[in-house]
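Below is one structure; the comments refer to it alone.
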Amino acid sequence: MSLASDPLPERPRWEGEGTSRIPFQVYTDEQLHKKELERFFYQGHWCYVGLEAEVPAVGDFKRTVVGERSVIMTRSAADEISVVENVCAHRGMRFCRERHGHKKEFVCSYHQWSYTLQGDLQGVPFRRGVKQDGKVNGGMPADFKTAEHGLTRLKVARRGGVVFASFDENVPSLEDYLGPAILGYFDRLFNGRQLKVLGYNRQRIPGNWKLMQENIKDPYHPGLLHTGFGTFGLWRADHKSQLVMDEHFRHAAMISTRGSAGQAGQVTQVSSFKESMELHDKRFIDIVPEPWWAGPTPPGRPKASEAPLGGSEVPEGASVGAPVPTAVMMTIFPSVILQQQVNSVSTRHIQPDGHGAFDFVWTHFGFEDDTPEMEQRRLRQANLFGPAGFVAADDGEVIEFSQEAFESKPFHRALAELGGRGVENTDHMVTETLIRGMYAYWRKVMEA
Ligand code: FES
Ligand code: FE2
């Protein structure tokens, strides 16, 4: 038994086989956090930076982060998105302060070095010195080359209107990075339709960034913790569901089909289930199935509309056979959660700030071809989410309270043994397998 006064080992001690007992130290150790930034956010991984729809016109930009580094995503040409680091090549100032804007060039206010939208250095004041009394004073050395002093440019990958960036030149393609199973769910949501940004939520959560990944890799808490989810039948442990990971167990998709269980059944034993609770404004869960929920119809398979299947949850155009998912929550390691919860779709960007806090930025979006009614519906359903959302407010709190406990006894460990101690894809959600999977990957990368 460790005592609080014992120094923590440099490498956390994992109890037993595998990763079902997670040392609190992985949430509390600043050195480990720095190593995570290096190994997950700055090398070998793609990080989410935004949606193309956020920067529609040439010169539009958005300031965001990769890990803890400030970066700028810019529409640098009609069909080009550049991502540059927000660190001036001169003396390192974080020159861009606006969150969003439009510029022809970037100018650092300190000494006015100016850069193209792609990040090339184009102007250096007093480069050739200043003439005084017939003599040139100062100036940059004759061998100074602007070409060698541009902003740091990140590698960029775009797919379906979503933009990812990496500091690592040798990162695999985004498609290989996601792997075929996760890519299929990614393409289901981002299937080529033009995206439309509906709005943002931002919140600071005083907890370790991995807790947010865990929260969305934990499929059974919503029906227990979130009164709203269980009571209104949006997400329950007895719904038909599937958990799918990439081959490294770092990314995952939780797929769930609403309305595929009995009305009350087991969930009436759950304390958060409130039979008498009702929504005053029913429009918050005015759900209308959409064709894309079924995913692409495999060739040769009849569409649902051509088959005598019916059922209110089967959208027009859906393929027959598998139940049509009404919610797919994807965790793309390490930086983003891609959400479809009935008609509400959003990206949730995890922006770490030290081991004990992160900013969580939600971009709610829709599609350019949505009807005005559908756009309204997406906006209304977005009330479930964000810092004051009917369900998401609970997650911020439990993460904060978990972090508080971790800090008080970092030598202890958490338990993730529901559904066993191994890691595998499942066809139910009564398991913590995705969390074990993420830490199997964590150990592989962090202990190498
Ligand atoms: Fe940016 Fe000097 S630090 S111009
Ligand atoms: Fe939750």
FRET efficiency, Asp359 to Lys145 (Cβ-Cβ, R0 30 Å, nearest 0.05): 0.20
Quarter of the Cα convex hull surface for region 47-157, i.e. its orientation-mean projected area (nm²): 7.8
Over 27 Å between alpha carbons, listed pairs Lys35/Lys240; Lys104/Lys135; Lys240/Lys282; Lys210/Lys409; Lys196/Lys444; Lys155/Lys240: Lys35/Lys240; Lys104/Lys135; Lys196/Lys444; Lys155/Lys240
Glu68-Asp281 pseudo-label distance in nm [points 7 Å out on the Cα-to-Cβ vector]: 4.0
Spatially proximal aspartates and glutamates relative to Lys145 (Cα-Cα < 18 Å; intrachain offsets below 8 disregarded): Asp120
For Gly50, distant residues with modelled amide H under 5 Å away: Val163
Kirkwood Rh in Å, taken over all unlike Cα pairs in the chain: 23.8
The chain - mean residue ellipticity at 222 nm from DSSP helices (-39,500 (n - 2.57) per run, n ≥ 4, rounded to 500): -5500 deg cm²/dmol
The chain: DSSP helices with Cα axial extent of at least 24 Å and average Kyte-Doolittle hydropathy no lower than -0.5: 392-408
Cα lying deepest toward the dipole's positive end in region 63-165, options Thr116, Gly101, Thr74, charges on Cβ: Gly101
Highest-fluctuation residue, Asp176, Asp168, Asp60 considered, GNM on the chain with Cα pairs under 10 Å: Asp176
Potential extension, Asn137-Arg94 segment - 0.36 nm per residue separation minus Cα distance: 12.6 nm
Exposure proxy ranking, count of Cβ atoms within 10 Å, fewest first, for Val65, Val130: Val130, Val65
Exposure proxy order (Cβ contacts within 10 Å, fewest to most) of Tyr220, Tyr200: Tyr200, Tyr220
Calculated FRET value between Lys444 and Glu407, using beta carbons and R₀ = 25 Å, to 0.05: 0.40
Unmatched cysteines, the chain - criterion: no other Cβ of a Cys under 4.7 angstrom: Cys47, Cys96
Integer Hz, Karplus 6.51/-1.76/1.60 couplings in order for region 243-257, x for Gly and Pro: 10, 10, 10, 7, 5, 8, 6, 8, 9, 8, 10, 9, 10, 9, 10
Least to most buried among Cys88, Cys47 (fewest other Cβ within 10 Å first): Cys88, Cys47
FRET efficiency for Arg128 and Glu38, using Cβ-Cβ distance with R0 set to 51 Å, rounded to 0.05: 0.80
Residue with peak Gaussian network fluctuation, the chain [Cα springs, cutoff 10 Å], from Ala405, Ala393, Ala327: Ala405
Listed residues Phe406, Val430, Gly420: farthest to the positive end of the dipole of region 377-436 (Cβ charges): Val430
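Coordinate-derived values only; no laboratory data. Quick caveat, the model's predicted, so the values are computed rather than measured. Positions of Cβ are backbone-derived with ideal geometry, glycine not excepted, and every protein chain shown enters the neighbour counts.
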